[in-house]
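Novice: Take this structure first; my questions come after.
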Amino acid sequence: MDTYPLTRRERIAQYLARNRRAVEAWLILTPILIYYFVFAVFPVLANLSVSFLDWNGFNEPAWAGLANYERFFTNPRYQQVLLMTVFFAVAILIVNTVLGFFIALALNEQVKGLGIYRTLWYVPTLTSAAVMAQIATVFIAPRVGVTSVVLASLGLESPIWQTNIDFARLIIVVFSVWRSVGTAMLLFLAGLQSIPLDVIDAARVDGAAGWRMLRHITLPLLRPMTVFVLVTGLIAAFQVFEPVYLITNGKSGTNVMMLKIYDDAFQNGRFGMAAAMATVMLVVLLWASFLNLRLMGQTSAEQQ
Amino acid sequence: MLRRRLGRTLLYIFLISTSLMMAYPLLFAFAAGLTGTEDYYQSTWFPAPTEIHLDKWAAFLGRDDLRLWVANTIFRAGWYVVIPAVISVLCGYVFTVPRFKGRDAVFMLMLASMMVPGIVYVLPTFIMLARWPLVGGNDIYGQGGHGFINTWGALLIPGLINAFYIFLMRQSYQSIPRDYEEAARVDGANTLQIIWNVYVPLLRPALTVLVIFQFVAVWNDYLNPLVFAGGNEAIAPVALGAQRFIFSTSQNTRAGLIDYPTMFAVATLVTLPIVILFLLLQRYFVQGVAGFGLKG
């Protein structure tokens with residue numbers, strides 16, 4: 001008998017030989033996927049489960065249902081935190097986008113020394129938020145801080161953030177903008193530089209200039225980038241942590257969800273509340289990401 | 001013509017004044033770190049040293065704990081450069097070149113994590129690290145000890161997969177012709193040899209972006225070391241160590257005058273390496289950020 005049924009081992013060998021590339025791919029992927037499930041997928045599910053618990057990390061976890069969420073949306077102190085998170089996110093986002101856009105527009109005018117201006121605007125985004133926030137407390141210190149000295153030289157009384165809520169909030173916004181506007185600037189600049197010169201020239205021949213050029217040529221062509229700057233900027237602005245933690249520590253009407261999550265989880269032993277807030281942030285920012293994908297899809301469909 | 005020149009002049013005035021405002025905090029910190037304490041208290045809107053004091057810099061650079069923070073950070077940065085680079089180079093290959101069932105589904109699954117904000121991971125990861133069975137005095141059920149918390153494990157285990165870099169590598173692989181790989185196959189090279197010898201040299205721009213952005217991220221990482229290892233000074237990274245040092249200096253009034261120049265010297269010295277890195281590799285930073293936007 002020359003032909004005989006293949007043994008199990010031979011069948012496996014044959015399969016492996018035929019699908020060698022796929023087998024290799026899965027050999028590479030399997031350990032990576034195991035790690036991915038343990039450290040990227042499972043924590044999200046675990047966070048969701050903890051958000052339904054009354055748990056301080058030490059006691060026996062008790063089922064709390066939606067009580068943590070209810071508390072977050074009805075308790076005045078948590079409502080205030082939600083309100084301030086949205087306020088800071090929107091304020092930082094608007095200033096970053098508008099300022100970043102105009103700087104990029106100015107830099108796109110074939111200025112001499114582009115690299116120097118770009119460096120000055122971008123380098124703050126590379127600094128350590130923690131170290132610079134700790135330094136910011138020196139700038140705003142009463143009497144000896146720079147803000148006080150400058151205001152005093154103008155004959156104005158220097159505000160004290162501990163008692164002046166508006167000043168405290170302004171500091172957080174200014175600091176965050178200083179540390180993140182460079183990214184918006186760089187993105188808009190990349191977008192502007194990718195506009196084909198012949199489009200600009202053609203519009204110029206048709207008599208477009210200044211405001212009309214901006215309104216009818218530049219802005220429409222920049223729309224995908226603008227959507228991207230807005231959505232990624234929103235995601236980042238929602239997650240401002242270091243300045244609030246280190247400059248005001250959430251006092252004087254500046255508390256935000258990032259800090260409240262940190263406090264509830266690691267200072268107050270309210271794991272359930274912290275997890276519920278993290279879930280709320282997840283939902284909001286997922287919504288923003290999907291909006292991004294949809295709007296990006298729309299603009300590229302329009303352009304085709 | 002005149003109008004045009006006026007426009008240019010206004011443009012430069014606008015750019016120079018706003019750019020100086022952006023640079024002001026860093027220039028201030030740089031100058032204040034070189035100012036004597038007496039001079040600093042005399043200064044108003046900008047520190048004007050009557051003579052350059054390098055002693056604050058020298059004192060900080062001579063500290064043992066600074067060397068420790070820098071060594072810790074460079075060690076951790078090396079780890080968070082090498083492992084994500086290996087993972088994303090391998091995944092980029094797997095998601096581009098071989099065809100197999102489920103490939104695109106797995107890719108989409110991994111991309112999905114890009115949309116999850118980092119804060120969602122902090123508490124569950126903390127609990128996982130603290131309750132890891134059989135480490136740090138924990139029993140088989142993860143009870144009784146501190147697990148990985150306040151150990152190197154907590155600073156090296158989480159967050160090694162970054163979907164953005166997998167995405168970036170996949171983009172790069174797609175721009176490389178398959179001919180090179182086929183030629184190497186004919187010569188008898190296996191898949192790992194092909195990735196290393198054929199693709200990695202061509203992926204250098206993307207890898208450079210990964211290296212610099214990971215390095216900056218680890219150099220500045222504050223929340224993770226604070227939460228996962230804040231209780232162990234021996235493994236503190238630069239951002240946490242420097243922030244704590246600046247804070248304790250600001251609270252120290254025993255000498256009569258708070259030593260502000262030292263605080264600024266510290267801030268300058270921990271910022272300087274990143275600024276130098278940027279000046280050397282500016283092109284890649286711009287490409288990296290633009291890549292986030294144009295491809296994202």
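The values are calculated or read from the model by the stated rules, or taken from the named source; none is laboratory data. As the structure is a computational prediction, the values presented were derived from the model and not from experiment. Please note: Cβ atoms are built from the backbone with ideal geometry, for glycine as well, and neighbour counts cover all protein chains shown. With ligands, DNA and RNA removed, areas are computed over all heavy atoms of the protein, side chains included. Shrake-Rupley method; radii C 1.70, N 1.55, O 1.52, S 1.80 Å.
Novice: Per the 1.4 Å probe, what fraction of the accessible area of the range A:75-132, in percent, lies on carbon and sulfur atoms?
Specialist: It is 70 percent, rounded to a whole number.
Novice: How large is ³J(HN,Hα), in whole Hz, for each residue of the range B:38-53 in order, when computed from phi with the Karplus curve 6.51 cos²θ - 1.76 cosθ + 1.60 and θ = phi - 60°, using x for Gly and Pro?
Specialist: For the range B:38-53, the Karplus curve yields 4, 4, 4, 5, 7, 6, 10, 7, 8, x, 10, x, 6, 9, 6, 9 Hz.
Novice: What is the average number of partner chain Cβ atoms found within 10 Å of a Cβ in A:26-35?
Specialist: Going residue by residue through A:26-35 and averaging, the value is 5.
Novice: Which helices pass in chain B if a helix is a full DSSP H run, must span at least 27 angstrom along its long axis by Cα, and must have mean Kyte-Doolittle hydropathy not below -1.0? Don't jump to the answer; show the numbers that get you there.
Specialist: Working: long enough: B:2-32 (42 Å, 1.07); B:64-94 (45 Å, 1.06); B:260-280 (30 Å, 2.15).
Counting only whole DSSP H runs, the qualifying helices are B:2-32, B:64-94, B:260-280.
Novice: A follow-up question, please. Taking all protein chains as present, what is the carbon and sulfur share of the accessible area of the range A:8-63, in % to the nearest whole number, probe 1.4 Å? It would help to have the intermediate numbers written out before the result.
Specialist: Working: 2530 of 3850 Å².
Its accessible area is 66 percent carbon and sulfur atoms.
Novice: Follow-up question, since we're still on this one. Leaving out ligands and nucleic acids, and using a 1.4 Å probe, what accessible area per residue does chain A come to in Å²? Working shown, then result.
Specialist: On the way: 15490 Å² over 304 residues.
On a per-residue basis, chain A sits at 51 Å².
Novice: Can you grab the distance from the C-alpha centre of the range A:192-257 to the C-alpha centre of the range A:1-46, Å, no decimals?
Specialist: 46
Novice: Over the range B:200-296, consider all pairs of different Cα atoms and compute the Kirkwood hydrodynamic radius from their mean reciprocal separation; express it in Å, one decimal.
Specialist: Details: mean 1/r = 0.0632 Å⁻¹.
It works out to 15.8 Å.
Novice: Using modelled backbone amide H atoms (1.01 Å from N, in-plane), which distant-in-sequence or interchain residues come within less than 5 Å of A:Asp54's amide H?
Specialist: A:Ala62, A:Trp63, A:Ala64
Novice: Let me ask something else about it. For every helix of n ≥ 4 consecutive DSSP H residues, a contribution of -39,500 (n - 2.57) applies; sum these over the protein assembly as shown, divide by its total residues, and give [θ] at 222 nm rounded to the nearest 500 deg cm²/dmol.
Specialist: -22000 deg cm²/dmol
Novice: Moving to a separate point now. Going through the DSSP H helices of chain A, which span 27 Å or more along their own axis at the Cα atoms while scoring at least 1.0 as a mean Kyte-Doolittle hydropathy?
Specialist: Passing helices, by number: A:76-107, A:165-193, A:271-303.
Novice: To the nearest 100 Å², how much accessible surface do chains A and B hide from each other in total, with a 1.4 Å probe? Mind dumping the intermediate values first?
Specialist: Values: alone 19220 and 17780 Å², together 29590 Å².
For A against B, buried area totals roughly 7400 Å².
Novice: In whole percent, and with a 1.4 Å probe on the protein chains, what portion of the accessible area of chain B is carbon and sulfur? Spell out each step's value before the answer.
Specialist: Details: 9170 of 14100 Å².
Taking all protein chains in place, chain B shows 65 percent carbon and sulfur surface.
Novice: Then there's this: Per residue, how many Å² of accessible area does chain B show with a 1.4 Å probe? All intermediate terms of the calculation are to be shown ahead of the outcome.
Specialist: Numbers: 14100 Å² over 296 residues.
Accessible surface, normalised per residue, equals 48 Å².
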